[in-house]
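Here's the structure, in structure tokens; my notes come after.
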Amino acid sequence: MKSVVPAVWDETIVLPVSQIGEIAAFARRSGDTWFLAILNGPAAKTVEIPLSFLGQGEYRAMLMRDDKDNDAALQIENETLNGKDMLSADLRAGGGFIARFWPASVARGLSPVTRAISDEQRPRHRAAWMKKARWGVMTHYLADWRAKVDNEKMSVENWNDMVDRFDVEGLARQVESVGAGYYLITIGQNSGYYLAPNTTYDRLVGIQPRPVREHTMGGEPDRAASL
């Protein structure tokens, strides 16, 4: 769904079911396509949404609901609806609902987009591990920041040396000691100095030698944690 959400809107309607502090619901139009979004507050509830904002004609609809049995998953449905229909949504506390509507008369022309969306209709289980872990640690290890802290000019040689001297095993022990369920580290940001080879960067900028450590540091904290 996120791959087809427009950046510019032609019309926005705040729906009557909205209540400050309880629930926010609105419909937005870009061209002949409508998007419906509902964000629920602290109490579970069922809401009925009139689709009168669609106006005349039939619309194909993709509906994305909270999965009642799995907090990390979504239920995705495809229907044909019109402006006279009423849409029902069961919302859990802090949950939500998203829908996309496009004219049925042009549905065939949207088949490439529909196929792209279908790839996103797989069960949303990939983030389940993060919920189970509850919390973790994320850090940057940036060349420009290290150069400022160490008061020295950054170079390929200095960067390689800094990466080589990084205490991966010590970091893994620290993360484990505080009970963190996972650790994330950025491979690079802004300066062009990376913690792992980046062939796309090399191809685009044509810099040689590359300002990056030749071996991959990115996977080493995971390796150290398993020791």
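The values are calculated or read from the model by the stated rules, or taken from the named source; none is laboratory data. It should be emphasised that the depicted structure is a prediction, and the values quoted were computed from it without experimental measurement. Don't worry about glycine lacking a Cβ; one is built from the backbone with ideal geometry, like all the others, and counts go over all protein chains shown.
Structure values in brief
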item	result
Test: residue in region 73-82 that is buried (at least 17 other Cβ atoms within 10 Å of the Cβ) and at pLDDT 90 or above	yes
Cβ pairs under 6 Å, 6+ apart, first in region 129-145 and in contact (Cβ under 8 Å) with a residue 24 or more places away in the chain and among the acidic types (D, E), second surrounded by 13 or more Cβ atoms within 10 Å (Cβ to Cβ) and outside any helix (DSSP H, G or I)	D144/S191
Index of the failed condition, K68 passing every other in (1) closer than 14 Å to I98 by Cα; (2) without any contact (Cβ under 8 Å) to a residue 60 or more places away in the chain	(1)
Selection count where residues are more than 18 Å from the chain's Cα centre (by Cα), farther than 18 Å from P6 by Cα and either in a strand (DSSP E or B) or of a type in the set (S, T, N, Q) (or both), scope region 86-106	7
Scan of region 27-50 for residues that are part of a loop (DSSP other than H, G, I, E, B), surrounded by fewer than 14 Cβ atoms within 10 Å (Cβ to Cβ) and on the phi < 0 side of the Ramachandran plot, ordered by number	P42, A43, A44
Region 3-12: number of residues that are hydrophobic (A, V, I, L, M, F, W, C) and under 11 Å from A37 (Cβ atoms)	1
Candidate set: region 27-54, residues that are of a type in the set (S, T, N, Q) and without any contact (Cβ under 8 Å) to a residue 40 or more places away in the chain; chosen: the one nearest to A93 (Cα to Cα)	S52
Criterion: at pLDDT below 65 and either part of a helix (DSSP H, G or I) or under 29 Å from L195 (Cβ atoms) (or both) - qualifying residue of R122, R115	R115
Pairs with Cβ under 8 Å, 6+ apart, first in region 3-26 and over 17 Å from R92 (Cβ atoms) and surrounded by 14 or more Cβ atoms within 10 Å (Cβ to Cβ), second hydroxyl-bearing (S, T, Y) and modelled with pLDDT of 90 or more	F26/T12; F26/S18
Flag for A172 being at pLDDT 80 or above, farther than 21 Å from D71 by Cβ and part of a helix (DSSP H, G or I)	yes
Some residue of region 3-15 being more than 11 Å from I98 (Cα to Cα), aliphatic (A, V, I, L, M), touching a strand residue (DSSP E or B) at 6+ places or on another chain (Cβ under 6 Å) and not in a strand (DSSP E or B)	yes
Any hit, region 196-216, residues being hydroxyl-bearing (S, T, Y), modelled with pLDDT of 70 or more, part of a loop (DSSP other than H, G, I, E, B) and within 27 Å of the chain's Cα centre (by Cα)	no
